[in-house]
Amino acid sequence: MASKLILLVEDENNLASVIKLNLELDGYSVIIADNGQKSVDVFRNLKPDLVILDIMLPELNGIEACKQMKKINSETPILFLSAKSSGADKIEGLKSGGDDYLTKPFNLEELLLRVQILLKRYQSNSKEDKYILSNFSIDFNTFEITDKTGKKIDMPNREMKLLKLLISKEGQVVSRTEIMQQLWNPSENPSARTIDNYILNFRKIFEPESSETKYFHSIRGVGYKFTKN
Ligand code: CA
């Protein structure tokens, strides 16, 4: 199996080298970008599996870089690594789409562990890439849903993520808490109706003719479950 590619965005050369070396010792491939603008270009071109992102960077700061990366591919986990250590800084980082936040100075072992956890979470989410449901083909890489005639259905990113999460756990109840953790940042507070509305939309698309729920079940007070039969 090819090793995971990590994009390390850090403008302090010595620190970048130390982190790179340790990631490589853990079996990862690492590419370094030393400014924000460059990091977005590398992200677009090389599609890394994970990004470690400094915030105070020349040309484009890490917060802006994160927003741009998430627009290109919202799935790729981004771990902020910054000297900015206040609660407000962390919230800003997570709000911009970051998946985790570690402050400098940091413990190297902790960094490696967090990288491992983020990659694992990302991997379990992307177990299925293409999925056939009812008359539709769902491509979780391109976020496209196509029907038999080739017609495409638009679905917002977050809805698509929920679809993927439920399908990847076919037959299991996925709790509201887990859904919130996977789809929203801790600082966001989505209304309980939001998830219900997503589920209603799934039913409208994938089971328009059935009077009883076929695929997307709400389990009152617990969560949601996808079943194929
Ligand atoms: Ca810096």
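For the range 159-229 and the range 78-120, what is the centre-to-centre distance using only Cα atoms, to the nearest Å?
28 Å
Taking the Cα of residue 91, stepping 7 Å toward and past its beta carbon, and measuring to each backbone N in the range 171-197: which are under 18 Å?
Answer for the range 171-197: 184-191.
Using only alpha-carbon positions, what ratio does the radius of gyration of the range 156-226 give when scaled by 2.2 N^0.38 Å? All intermediate terms of the calculation are to be shown ahead of the outcome.
Working: Rg = 11.7 Å, N = 71, 2.2 N^0.38 = 11.1 Å.
Ratio of Rg to 2.2 N^0.38 Å for the range 156-226: 1.06.
Which three extents, in angstrom, do the Cα atoms of the range 5-123 have along their principal axes, listed largest first?
Between the extreme Cα coordinates on each principal axis of the range 5-123 lie 31, 31, 28 Å.
Using Cα atoms only, what is the angle between the long axis of helix 157-168 and the major principal axis of the chain, expressed in degrees (0 to 90) to the nearest 10?
Helix 157-168 sits at roughly 70 degrees to that axis.
Using Cα-Cα distances under 8 Å and only pairs 6 or more residues apart, what relative contact order does the range 124-229 have, in percent?
Working: 129 pairs, mean separation 26.4, N = 106.
So the answer I get is 25 percent.
Heavy atoms only, probe 1.4 Å: what % of the accessible area of the chain goes to carbon and sulfur, would you let me know?
On the way: 5830 of 12210 Å².
On the chain, the fraction of accessible area on carbon and sulfur atoms equals 48 percent.
Which angle from 0 to 90°, rounded to the nearest 10, does the C-alpha axis of helix 13-25 make with the longest principal axis of the chain?
50 degrees
I want to verify a result. In a Gaussian network model of the chain, Cα cutoff 10 Å, which of these has the top mean-square fluctuation: 25, 200, 165?
Highest fluctuation of the listed residues: 25.
So which of 71/225; 204/228; 67/90; 120/214; 4/84 end up more than 19 Å apart, counting from Cα to Cα? Provide the component values of the computation, followed by the final result.
On the way: 71/225 29 Å; 204/228 16 Å; 67/90 15 Å; 120/214 30 Å; 4/84 28 Å.
Going by Cα-Cα distance, 71/225; 120/214; 4/84 fall outside the 19 Å limit.
Of all the C-alpha pairs in the chain, what % are more than 24 Å from each other?
Details: 12770 of 26106 pairs.
Roughly 49 percent, once rounded to a whole number.
The values are calculated or read from the model by the stated rules, or taken from the named source; none is laboratory data. Keep in mind that what you see is a predicted model, and the values were worked out from it rather than measured. Every residue, glycine as well, gets a Cβ built from its backbone with ideal geometry; the counts of neighbours run over all protein chains shown. To get the accessible areas, we keep the full protein, side chains included, count just its heavy atoms, and leave off ligands, DNA and RNA. Shrake-Rupley method; radii C 1.70, N 1.55, O 1.52, S 1.80 Å.
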